[in-house]
Amino acid sequence: MTLIEHTVYPRLKRTLTPKELDQIYTPTPTELFLAHRTAKGPVATLGFLVHLKVIQRLGYAVATSDIPAAIIDYIAARAQIPLSPRDLAGYDDSGTRRRHLPLIREALDLQPYGPSARTAFLREMIEAARTKDDLADLINVALEELVRCRFELPAFGTLDRAAHHARAVVAHGIYRQVEGRLYEKTRAALDTLFEVLPNTSWSAWQDLKRDPASPTLIHMKLLIAHLVSISERHQLLAPDLFAGILHGKIKQFAAEAKTLDAARMREMLPRKRYTLAAALLFVQSAQALDDLAEILIKRLLAIHQKGKEALQQYHLEHQARTDALVTTLRDLVVAYRKEGTTEERFAAIEGVLGEQSEEVLKQCEEHLAFAGNTYQQFLWSYYRSHRATLFRLLSVVTFRATTQDTSMEAALRFLRAAQASRGDWLVTAVVEQEGTPEAQRIELLDLNWVPDVWWKLVSGTSRRVRCPDRVQRRYF
């Protein structure tokens with residue numbers, strides 16, 4: 001049963017502040033006049049006033065014994081009736097309360113609960129159940145409709161049972177709709193999900209519900225295989241299978257399916273089983289893509305982190321060489337600034353470098369290659385083990401640009417076409433000169449999206465230059 005605390009069903013508070021008593025339970029002069037005109041005797045008058053204010057507050061009648069004594073004492077004091085809650089002990093059993101309730105409903109313009117009220121809120125519940133699944137939400141919709149139509153509220157249990165009924169009516173309608181759209185081969189394929197695989201205690205249903213594991217290369221390979229398996233089954237579903245059904249409802253069916261094992265799924269009615277299985281397949285196909293994107297990002301971040309650590313280690317290991325180069329530079333400056341003729345200065349510089357000029361130049365070039373935070377050159381050793389998996393990902397997932405710029409898509413197609421190449425450099429295209437006939441022009445692979453920090457590593461040049469009559473090479 002739904003917890004009443006999760007709904008807006010009105011209830012009496014057990015403790016009230018003086019301000020709440022004054023604002024909610026103070027009888028108006030009109031109400032006092034009505035009570036004295038309708039009831040005979042102080043007990044009946046107080047009972048009438050108490051129930052008038054309580055029904056006005058709640059929208060339904062309660063037993064006198066369920067009304068907090070603080071409310072009764074406050075109303076008695078304001079009405080100047082010298083009675084206590086104990087004096088109303090026999091009010092409900094005397095028949096006076098039954099005679100008063102119709103008069104109270106008339107005074108509050110409140111219709112008694114009956115078939116018309118049930119029809120009104122059930123209609124709203126069923127409509128809401130097409131988009132909502134939480135029973136508390138459905139009950140709140142019913143309460144809103146009852147209040148709008150000025151109906152007395154039924155017991156909370158009545159609303160709870162009606163919410164279960166409304167949700168079941170909508171669900172069974174969807175089950176019939178989905179079952180009618182399923183091909184026979186699709187039903188057979190869905191049924192195979194619940195068959196235990198030979199020599200195992202595992203079923204394809206368990207694989208379908210599987211959550212992504214830690215972002216390792218092995219788990220990335222398994223997730224790609226999982227995506228392929230889901231995609232093959234998802235292709236069996238008709239494109240309009242869930243047409244007219246809100247995505248939120250599909251996700252609710254999928255969430256329910258994920259809590260059930262293969263044995264419980266086999267025990268269900270076929271139409272419900274097929275709907276839940278198809279919903280989970282539909283949702284998991286999209287979820288697998290999200291999971292794969294997340295694990296890909298984490299793997300690439302890990303590779304880049306290792307590259308940064310390798311650069312730091314390189315700097316530590318070559319600190320002595322850096323110090324030696326700085327010392328050589330200092331000696332060269334000292335030799336250059338030495339007093340004497342130009343020939344004497346060159347002789348001093350020659351004395352500093354000697355036969356090690358080639359080695360010093362080589363060390364300087366190596367140092368400049370790794371100067372700053374250009375760790376990208378260290379990435380290949382960590383990326384190498386991921387290469388085949390990433391190409392497998394490109395063959396499984398179709399990438400689409402979110403803007404009109406499709407240069408990234410063209411680059412990915414070029415990479416896939418060159419997957420088998422093992423050379424250091426790849427030829428992209430020839431840039432034609434102005435005036436070349438349109439039929440003879442070759443579209444240049446646009447790499448303007450490549451960040452500057454990667455450009456030299458990718459192209460082998462320090463600047464973005466396009467020569468009109470030679471082949472541009474790109475390194476991947």
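The values are calculated or read from the model by the stated rules, or taken from the named source; none is laboratory data. As the structure is a computational prediction, the values presented were derived from the model and not from experiment. Note that we place each Cβ from the backbone using ideal geometry, even for glycine, and neighbour counts take in every protein chain shown.
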Neighbours by Cβ (under 7 Å, 6+ apart or cross-chain): first from the stretch 313-328, among the charged types (D, E, K, R); second surrounded by 11 or more Cβ atoms within 10 Å (Cβ to Cβ): 321/363
Count of the stretch 52-78 residues which are of a type in the set (A, V, I, L, M, F, W, C) and over 19 Å from residue 17 (Cα atoms): 5
Single unsatisfied condition, residue 205 versus (1) without any contact (Cβ under 8 Å) to a residue 12 or more places away in the chain; (2) of a type outside the set (Lys, Arg); (3) touching an Asp or Glu at 6+ places or on another chain (Cβ under 8 Å): (1)
From 198, 215, residue being under 30 Å from residue 303 (Cα atoms) and either surrounded by fewer than 16 Cβ atoms within 10 Å (Cβ to Cβ) or out of contact with any strand residue (DSSP E or B) (no Cβ under 6 Å at 6 or more places or on another chain) (or both): 215
Single residue of 45, 26, 30 found to be more than 57 Å from the chain's Cα centre (by Cα), more than 18 Å from residue 153 (Cα to Cα) and assigned by TED's automatic domain parsing to the domain that holds residue 86: 45
For residue 214: the one exception among (1) in contact (Cβ under 8 Å) with a residue 60 or more places away in the chain; (2) within 30 Å of residue 378 (Cβ to Cβ); (3) of a type outside the set (Val, Ile, Thr): (1)
Scan of the stretch 155-194 for residues that are over 31 Å from the mean Cα position of the chain (by Cα) and acidic (Asp, Glu), ordered by number: 184
Odd one out for residue 291 among (1) surrounded by fewer than 16 Cβ atoms within 10 Å (Cβ to Cβ); (2) assigned by TED's automatic domain parsing to the domain that holds residue 224: (1)
Only one of 389, 406 that is β-branched (Val, Ile, Thr) and closer than 20 Å to residue 231 by Cβ: 389
Failed item in (1) in contact with a Phe, Trp or Tyr (Cβ under 9 Å, 6 or more places away or on another chain); (2) farther than 21 Å from residue 201 by Cβ, with residue 285 passing the rest: (1)
Unmet criterion (only one of (1) over 30 Å from residue 293 (Cα atoms); (2) modelled with pLDDT of 55 or more) for residue 432: (2)
Positions within the stretch 220-242 being loosely packed, with under 13 Cβ neighbours inside 10 Å and touching a residue at least 12 places away in the same chain (Cβ under 8 Å), in sequence order: 240
Residue ID - nearest to residue 270 (Cα to Cα), chosen from residues in the stretch 194-213 that are of a type outside the set (Phe, Trp, Tyr), part of a loop (DSSP other than H, G, I, E, B) and modelled with pLDDT of 85 or more: 195
Of all residues in the stretch 141-180 being assigned to a loop (DSSP other than H, G, I, E, B) and touching a Phe, Trp or Tyr at 6+ places or on another chain (Cβ under 9 Å), the one that is farthest from residue 55 (Cα to Cα): 149
First in the stretch 445-466 and in the same structural domain as residue 407 (by TED's automatic domain parsing) and at pLDDT below 75, second anywhere and of a type in the set (Ser, Thr, Tyr) and not in a helix (DSSP H, G or I), Cβ under 8 Å, 6 or more apart: 460/475
Index of the failed condition, residue 108 passing every other in (1) touching a Leu at 6+ places or on another chain (Cβ under 8 Å); (2) buried (at least 17 other Cβ atoms within 10 Å of the Cβ); (3) closer than 26 Å to residue 16 by Cα: (2)
